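*Asks:* Dropping a structure here in structure tokens format, bear with me for questions.
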Amino acid sequence: MTTEPDSSADDAGPRGTASATDPTPAQLVTTSKAKIGAADLIFKNLTRTAGIGLLVLIAAIALFLVLRATDALSANTGNFFGTQEWFPNQTPPKFGVAATLFGTIVTAAIAMIIAVPVAVGIALFITVYAPRQLASVLGYVVDLLAAVPSVVYGLWGLIVLAPHMKGTQLWLNDVLGWIPLFSADAVGRSFLVAGVVLAIMILPIVAALSREVFLQVPNAHREAALALGATRWEMIRTAVLPYGRPGVISASMLGLGRAMGETIAVALVLPASFKISVHWLEPAGNTIAANVANGWGEANEIGRGALIASGLVLFIVTMVVNMIARAIVARRRDFSGSSA
Amino acid sequence: MLVKLGRRQAAVGAAMVALLTVAACGTDDNSDSGGSGTKPSGTASAIACAKGSITGSGSSAQKNAVDEWVKAYQSACSGATINYQSTGSSTGRQQFIGKQVSFAGSDSALKDQQKIDADARCAPGTAVDLPMAVGPVSLMYNISGVKDLQLSGPTLAKIFAGKITKWDDPAIKAENPSASLPSATIATVHRSDGSGTTDNFTKFLKAVGGADWTFDSGSDWKAPGGQGAKGSDGVTSTVKSTENSIGYAELSYAENAGLSTVKVKNAAGEYVAPSTDGASLGLSTAKIADGDDLKLTFDYTTATKGAYPVYLVTYEIACTKGLPADQAALVKSFLTYTASDAAQTAIGDLGYAPLPDAVATKVRAVIATLS
């Protein structure tokens, strides 16, 4: 530090008394204004531009979607939120997002149910149980999963996974068939298969972020738990999980965003039928993103507007989900971050 | 620990980059030498070369044919660059109207407002539809133990409309007395993405299905039920992995996947297996529109012997006048080549049929007037 002796003496007082409330970046700026003012100013403006630029970008995307969608929406003879059909290219056009929105939520939910527990398990194993060498290799392999292009997951889901999940799906139908969700006339490229493909795709994101969060747990917390006679599992339950919960939630929300927005993999796996199907083992269903991928090439002017309107719905749903996640994280922060 | 990991990843990354670079160089070299090595001297003499660069876009159904033609044309004519993007017929037509491309590939002819807009783009000339490639659409199925399935148009319409749901339905049995058909539910597979194959197949169903096919034809599949799959390859692999299924795709996909294809009954009362020659025969009695715009009206009731009734025709859309001179010369030269006998036979291996003589003659006559 190169601050002048006078100012450091001045700072000592307030810092000592109000250390928790004031991290004093402002003070640093004022005390050394003469020396790093220019660089600081440039950096401040750069970051500010980046921040504002992001907001402008999001606003521009929303505006673009709204402008392109309005023509199609006004020509629509169906109910945009109630109609399950999707015929925007015929005259008169008739389309609605009911079926695709339903499919988007169902596949993403299945993916989350499968992926989050597994991802948290992987992260815990890597941070708590695994030997150092194995942990680094395993972490690397998990990250590598994220680098596989989604079209590869889609083709694998269509050609390999769907036929191989037939047995599993028939078994589920046999055992749990009395629940409507698992009853099926025929099994095939179902919501469940798409959900499994999506689960594998979001696994690396959730696992990698959870791992980083668990690594942040202060050693003092863990050692305190162990010193009180906790087993490893008890230590995880009392020290690691409560501390990491907000982070795991944000990681899951990132994963959920990807699952809802995934395009080509779902387009390849799901049979693109426009009906709300509560039989999740039957080959039926479609998602908003997959429908855009399928319909864009041959769509006419109205058809494209309709697809953009459905994109707008996805945009809003994703935003709402993110806001909910933020709210959850914010509510938990006081509790778990207090001792950080 | 973190630093260590970072370094290792960096090393791996660097190695991958190096590998990829080497691989890329390798393939480049190969394709270069392959291209010049296979230069066909026969076609080179048939092409009246033009120079310059043009872009076309549209139908993915003719992508393989156009790629083949572009390869042959460019290897014969140095100084000519032709880009064809398979963006889908509808996009191709829109880009043509918007002056973004010099020609468009489309699985259906310009109609109504499209024709007016396209004519405006070609002022002082007009826009013309030129039939350029014909292909049989095969109906492939996956029923264990059943070969040589024979179906008529109305039965196909009932199957795809969901009115016949079991393979041992009396209507199917009547056409296949010797086959041991299972009492299984029929899983129909159609395209989930907009497609000219769907357009042409539903035109056929609409023409022969009568009261059993009440849906509009078009590039989107309109009938309820059945499974969608993305792309002809998606349909093919879904049929292959789904027992008791039936789907439609260009013949080459069924052949590559080793799937059995349905013999379809034509108006002469014969059951005909899909073939490029059969499709040519089927199209030979199509009605060609008068004038320069060679829109085809298919004749599904043709009683021609050996005609296979399910086929798709894909057009090139071009301007008679109104393109910048350098583009016009190259478009004319390229289309003259694609309509030639050499070019039409060159795409036979790719599953396309040559244009019937009556159509080809008219197409060549119109191309000769382009300027």
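The values are calculated or read from the model by the stated rules, or taken from the named source; none is laboratory data. Predicted model, so just to flag it, every value in this text is computed and none were measured. Every residue, glycine as well, gets a Cβ built from its backbone with ideal geometry; the counts of neighbours run over all protein chains shown.
*Asks:* How many residues are under 20 Å from the mean Cα position of the chain (by Cα) and assigned to a helix (DSSP H, G or I) if we restrict to the stretch B:74-100?
*Replies:* 8
*Asks:* Related question: Would you tally the residues in the stretch B:172-214 being within 10 Å of chain A (Cβ to nearest Cβ) and farther than 14 Å from residue B:249 by Cα?
*Replies:* Counting residues in the stretch B:172-214 that are within 10 Å of chain A (Cβ to nearest Cβ) and farther than 14 Å from residue B:249 by Cα gives 3.
So that you can scan it fast, the table gives a plain yes or no per residue for (1) farther than 20 Å from residue B:96 by Cα; (2) touching a helix residue (DSSP H, G or I) at 6+ places or on another chain (Cβ under 9 Å); (3) outside any strand (DSSP E or B); (4) not hydrophobic (A, V, I, L, M, F, W, C):
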site	(1), (2), (3), (4)
B:308	yes, yes, yes, yes
B:316	no, yes, no, yes
B:336	no, yes, yes, yes
B:345	yes, no, yes, yes
B:360	yes, yes, yes, no
B:363	no, yes, yes, no
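*Asks:* Can you confirm whether residue A:217 is within 25 Å of residue B:234 (Cβ to Cβ) and either surrounded by fewer than 23 Cβ atoms within 10 Å (Cβ to Cβ) or among the hydrophobic types (A, V, I, L, M, F, W, C) (or both)?
*Replies:* no
*Asks:* Can we say residue A:272 is within 14 Å of chain B (Cβ to nearest Cβ) and either aliphatic (A, V, I, L, M) or not in a helix (DSSP H, G or I) (or both)?
*Replies:* yes
*Asks:* Then there's this: Identify all residues within the stretch B:160-198 that are of a type in the set (Val, Ile, Thr), part of a helix (DSSP H, G or I) and either surrounded by fewer than 24 Cβ atoms within 10 Å (Cβ to Cβ) or touching a Gly at 6+ places or on another chain (Cβ under 7 Å) (or both); write none if there are none.
*Replies:* Within the stretch B:160-198, B:172 is the sole residue that qualifies.
*Asks:* Still on this structure: Within the stretch A:231-290, can you find the residues that are β-branched (Val, Ile, Thr) and on the phi > 0 side of the Ramachandran plot?
*Replies:* none
*Asks:* Could you pull out the residue among A:137, A:142, A:128 that is free of Cβ contacts under 8 Å to residues at least 40 places away in the same chain and closer than 30 Å to residue A:232 by Cβ? Explain how you work it out, then say what you get.
*Replies:* Numbers: A:142 fails: free of Cβ contacts under 8 Å to residues at least 40 places away in the same chain; A:128 fails: free of Cβ contacts under 8 Å to residues at least 40 places away in the same chain.
None of the others qualify; the one that does is A:137.
*Asks:* Taking residue B:285 as meeting all but one of (1) out of contact with any Asp or Glu (no Cβ under 6 Å at 6 or more places or on another chain); (2) surrounded by fewer than 20 Cβ atoms within 10 Å (Cβ to Cβ), write down the number of the exception.
*Replies:* Just one mismatch for residue B:285, condition (1).
*Asks:* Now for a different question. Out of the stretch A:167-196, which residues are assigned to a helix (DSSP H, G or I), within 14 Å of chain B (Cβ to nearest Cβ) and crowded, with 16+ Cβ neighbours inside 10 Å?
*Replies:* Once the filter is applied, which keeps residues that are assigned to a helix (DSSP H, G or I), within 14 Å of chain B (Cβ to nearest Cβ) and crowded, with 16+ Cβ neighbours inside 10 Å, the stretch A:167-196 yields A:169, A:191, A:193, A:194.
*Asks:* Checking the structure you have, find out if any residue of the stretch A:181-188 is β-branched (Val, Ile, Thr), modelled with pLDDT of 90 or more and assigned by TED's automatic domain parsing to the domain that holds residue A:327.
*Replies:* Let us first name the residues in the stretch A:181-188 that are β-branched (Val, Ile, Thr), namely A:187.
With modelled with pLDDT of 90 or more added as a condition, the list becomes none.
Taking every residue of the stretch A:181-188 in turn, none turns out to be β-branched (Val, Ile, Thr), modelled with pLDDT of 90 or more and assigned by TED's automatic domain parsing to the domain that holds residue A:327.
*Asks:* Can you name the number of the only condition in (1) over 18 Å from the mean Cα position of the chain (by Cα); (2) more than 10 Å from every other protein chain (Cβ to nearest Cβ) that residue A:164 fails?
*Replies:* Tallying (1) over 18 Å from the mean Cα position of the chain (by Cα); (2) more than 10 Å from every other protein chain (Cβ to nearest Cβ), residue A:164 fails exactly one: (2).
*Asks:* While we're on this one: Please find, among A:266, A:217, the residue that is among the β-branched types (Val, Ile, Thr) and either assigned to a helix (DSSP H, G or I) or closer than 27 Å to residue B:87 by Cβ (or both).
*Replies:* Result: A:266 is the single residue among A:266, A:217 that is among the β-branched types (Val, Ile, Thr) and either assigned to a helix (DSSP H, G or I) or closer than 27 Å to residue B:87 by Cβ (or both).
*Asks:* Let me ask something additional. Taking the options A:138, A:134, A:67, A:158, name whichever one is loosely packed, with under 14 Cβ neighbours inside 10 Å and within 14 Å of another protein chain (Cβ to nearest Cβ).
*Replies:* From the options A:138, A:134, A:67, A:158, the qualifying one is A:134.
Here is a yes/no grid of residues against (1) within 24 Å of residue B:283 (Cα to Cα); (2) modelled with pLDDT under 90; (3) touching a Lys or Arg at 6+ places or on another chain (Cβ under 6 Å):
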| site | (1), (2), (3) |
| --- | --- |
| B:193 | no, yes, yes |
| B:196 | yes, yes, no |
| B:206 | yes, no, no |
| B:220 | yes, yes, no |
| B:226 | no, yes, no |
| B:230 | no, yes, no |
| B:236 | no, no, no |
| B:241 | no, yes, no |
| B:247 | yes, no, no |
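*Asks:* For the stretch A:198-221, what are the residues that are of a type in the set (A, V, I, L, M), touching a helix residue (DSSP H, G or I) at 6+ places or on another chain (Cβ under 8 Å) and away from chain B (no Cβ under 14 Å)?
*Replies:* A:198, A:199, A:200, A:201, A:202, A:203, A:205, A:206, A:207, A:209, A:213, A:217
*Asks:* Shifting gears a bit: Being in contact with a Ser or Thr (Cβ under 7 Å, 6 or more places away or on another chain) and part of a loop (DSSP other than H, G, I, E, B): is that true of residue B:312 here?
*Replies:* For residue B:312, the condition - in contact with a Ser or Thr (Cβ under 7 Å, 6 or more places away or on another chain) and part of a loop (DSSP other than H, G, I, E, B) - is not met.
*Asks:* Determine whether residue A:110 is assigned by TED's automatic domain parsing to the domain that holds residue A:282, assigned to a helix (DSSP H, G or I) and buried (at least 21 other Cβ atoms within 10 Å of the Cβ). Write out each step before concluding.
*Replies:* Details: assigned by TED's automatic domain parsing to the domain that holds residue A:282: yes; assigned to a helix (DSSP H, G or I): yes; buried (at least 21 other Cβ atoms within 10 Å of the Cβ): yes.
Against the criterion (assigned by TED's automatic domain parsing to the domain that holds residue A:282, assigned to a helix (DSSP H, G or I) and buried (at least 21 other Cβ atoms within 10 Å of the Cβ)), residue A:110 qualifies.
*Asks:* Read through the list (1) assigned to a loop (DSSP other than H, G, I, E, B); (2) farther than 22 Å from residue B:200 by Cβ; (3) among the hydroxyl-bearing types (Ser, Thr, Tyr); (4) out of contact with any Ser or Thr (no Cβ under 9 Å at 6 or more places or on another chain), then give the number of the only condition that residue B:371 fails.
*Replies:* Residue B:371 satisfies every listed condition except (4).
*Asks:* Within the stretch A:75-83, can one find any residue that is under 23 Å from residue A:271 (Cβ atoms) and either outside any loop (DSSP other than H, G, I, E, B) or touching a Cys at 6+ places or on another chain (Cβ under 6 Å) (or both)?
*Replies:* No, the stretch A:75-83 contains no residue that is under 23 Å from residue A:271 (Cβ atoms) and either outside any loop (DSSP other than H, G, I, E, B) or touching a Cys at 6+ places or on another chain (Cβ under 6 Å) (or both).
*Asks:* For the stretch B:59-106, enumerate the residues that are closer than 18 Å to residue A:297 by Cβ, of a type in the set (Lys, Arg) and either more than 14 Å from chain A (Cβ to nearest Cβ) or surrounded by fewer than 19 Cβ atoms within 10 Å (Cβ to Cβ) (or both).
*Replies:* Selection gives B:63 alone.
*Asks:* Do we have residue B:329 as crowded, with 18+ Cβ neighbours inside 10 Å, touching a Gly at 6+ places or on another chain (Cβ under 6 Å) and farther than 19 Å from residue B:107 by Cα here?
*Replies:* Details: crowded, with 18+ Cβ neighbours inside 10 Å: yes; touching a Gly at 6+ places or on another chain (Cβ under 6 Å): no; farther than 19 Å from residue B:107 by Cα: yes.
In short, no.
*Asks:* Taking the options B:234, B:247, B:228, name whichever one is within 8 Å of chain A (Cβ to nearest Cβ), surrounded by 23 or more Cβ atoms within 10 Å (Cβ to Cβ) and closer than 24 Å to residue B:148 by Cα.
*Replies:* B:234 is the lone residue from the list that is within 8 Å of chain A (Cβ to nearest Cβ), surrounded by 23 or more Cβ atoms within 10 Å (Cβ to Cβ) and closer than 24 Å to residue B:148 by Cα.
*Asks:* Could you tell me whether the stretch A:310-320 includes any residue that is touching a residue at least 40 places away in the same chain (Cβ under 8 Å) and crowded, with 24+ Cβ neighbours inside 10 Å?
*Replies:* Applying the first criterion (touching a residue at least 40 places away in the same chain (Cβ under 8 Å)) to the stretch A:310-320 yields A:310-315, A:317-318.
Adding the requirement that they be crowded, with 24+ Cβ neighbours inside 10 Å leaves A:310.
Checked the stretch A:310-320: at least one residue is touching a residue at least 40 places away in the same chain (Cβ under 8 Å) and crowded, with 24+ Cβ neighbours inside 10 Å.
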